[in-house]
Each structure stands twice: as structure tokens, then as C-alpha cells.
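Student: Attaching a single structure in C-alpha cells format; questions to follow.
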Amino acid sequence: PWYKNLFNSQNKNNNDWNFEDEDDFTLDQKKDPSLKNEFELGALLYVKNKINNGNLERINAPFNKYNSAQIGFKKYVKTFESKKKFFNFQIGVGTNFHHLNLGKNEATVLADTITFFKSSKEIRKNFIRYHYLTIPGKLNFKPLPYKKKTFQIGASIQYHMLLSGRYELKFQELNNSTKISTLGKLHHQNHFFSSKIQLSFKKIGVYIENG
């Protein structure tokens, strides 16, 4: 009968629309989302750590670049995505540590200055570690946003605020182990910006940071 054909036609149209909705939803679920949590481990090969030496002069901390590291964690709390999913912008908050291995460069930390000199001690441990609050803003580009396995290019500007610093020296002297530890901001700059470019695939990536 004509009413049966009409009813079937309406059901078919409804199913078609439902299928499209479900398909769009499935595609959206299959696309690889931008990471909301990032753990970073990097070498400080080209970083200059400026430290105030007195009121007017700023010097570079003489650290071993091949035995020092940057460790950080970031959580992106807000993501703004473009309509076609190719671009998104993320804002987050995180923490960052710069661990500077000073080697034989012993430090003297005074109230208004810090100086470095070659030590003759039998040094076991000698480092400065800085702890920062980090606020990143990152722009991501995905050339194939609906592919499950695809790569992503990210570029970010990061604001860093110094929270604390620690200088630790441990050395051997007359069969005794001596440890010297100094806490504070250690005359490091309180605020600075850095820029970063990263290439990631799934949950693993590499990055270069300048700052």
C-alpha cells in the first residue's frame, strides 16, 4: 500500500541521517587528539644560563652541557580547535627543572653575587638546579587530522617564572665526605620567555627549545 511505502521511505531517510551523524561522530573519535599532558627530557646543549654577578654584570654559568638536563611536565587545560581540525591552539601550565652539572667549577654564593672558580677538591657531586613555573601557549598543525596514525607539528611560546634554586657541592676530604647545600634563587633571572618547535608522532616527539 502507498502508506507502507511512505513509511518505509521516511524510515530510510531517518536512517540515512542517523548514519551520517554516527559516521561523523566515529570519524571525530578516530582522529588523533593533541596531547593534553607532556613530559619533557632534554639536553642543554645550546642554552645559556645567565646569572647576576653583582648588580651590573651578568655571567654564564660554566656547566657541562653534555651532562646537564632539562626536565619538565606540562598539562594543557584548554584547547581551541579550528573548524576543519587542521589547527588547534592550547594553553597550559607546568613545571620545569634545569639541572646544571658544574663539574670542577665550584661556586661561591654570597648575598649579592655568585662567582665560579676551578676547584682542587675531590668533587663527588656539584650542581645547580633551578625550578620554574611554566605557562605555555602552543599552536599545533595536523596535515591529516582524521588519520589515526599521523604526525603533528607544534610551535609554542613559554613563559617561565623562577620558583627556587639549589646549589649542592659534595666532596671528599681526608677520608671524610663533606656536603654543602645552598637554597634560594641564586641570582638567576626571575622571568624569561622561550620558544619551542616540536615534531610528534602519536605520543612520542622531539623538540628544540631556545631561551
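Student: Ranking request for peptides 85-98, 128-141: highest mean number of other beta-carbon atoms within 10 Å first, then the rest in descending order.
Tutor: Per-residue Cβ counts within 10 Å, averaged per peptide and sorted highest first, yield 128-141, 85-98.
Student: Could you work out the mean projected area of the convex hull around the alpha carbons of region 67-121, in square nanometres to one decimal?
Tutor: Approximately 6.9 nm², given one-decimal rounding.
Student: Carbon and sulfur atoms: what percent of the 1.4 Å accessible area of region 75-203 do they account for?
Tutor: 61 percent
Student: About the Cα centre, and with charges only on the beta carbon of Lys, Arg (+1) and Asp, Glu (-1), how big is the dipole of region 95-156? Nearest 20 debye, please.
Tutor: Charge dipole, region 95-156, about its Cα centre: 580 debye, nearest 20.
Student: Given a cut-off of 24 Å, name the pairs among Lys78/Lys202; Lys138/Lys185; Lys125/Lys203; Lys104/Lys196; Lys65/Lys202; Lys125/Lys185 whose C-alpha atoms lie farther apart than that in the structure shown.
Tutor: Flagged as over cut-off: Lys138/Lys185; Lys125/Lys203; Lys104/Lys196; Lys65/Lys202.
Student: What is the Rg over Rh value, at two decimals, for region 109-207, using alpha-carbon atoms and the Kirkwood definition of Rh?
Tutor: 1.21
Student: Moving to a separate point now. Spelling out what I want: for every residue of region 179-188, take phi, set θ = phi - 60°, compute 6.51 cos²θ - 1.76 cosθ + 1.60 (Karplus), and round to whole Hz; glycine and proline get x.
Tutor: 10, 10, 10, 10, 10, x, 7, 6, 6, 7
Student: Charges on Cβ only, +1 for Lys and Arg, -1 for Asp and Glu, centred on the Cα centroid of region 60-211; of Ile71, Val206, Val109, which one is farthest towards the dipole's positive end?
Tutor: Going by the charge dipole, the pick is Val206.
Student: With every protein chain present, what accessible area does Ser181 have (1.4 Å probe, heavy atoms only), rounded to the nearest 10 Å²?
Tutor: 60 Å²
The values are calculated or read from the model by the stated rules, or taken from the named source; none is laboratory data. None of these values were measured; they are calculated from a predicted model. Don't worry about glycine lacking a Cβ; one is built from the backbone with ideal geometry, like all the others, and counts go over all protein chains shown. In case anyone asks, the SASA skips ligands and DNA or RNA and just uses the protein heavy atoms, side chains included. Shrake-Rupley method; radii C 1.70, N 1.55, O 1.52, S 1.80 Å.
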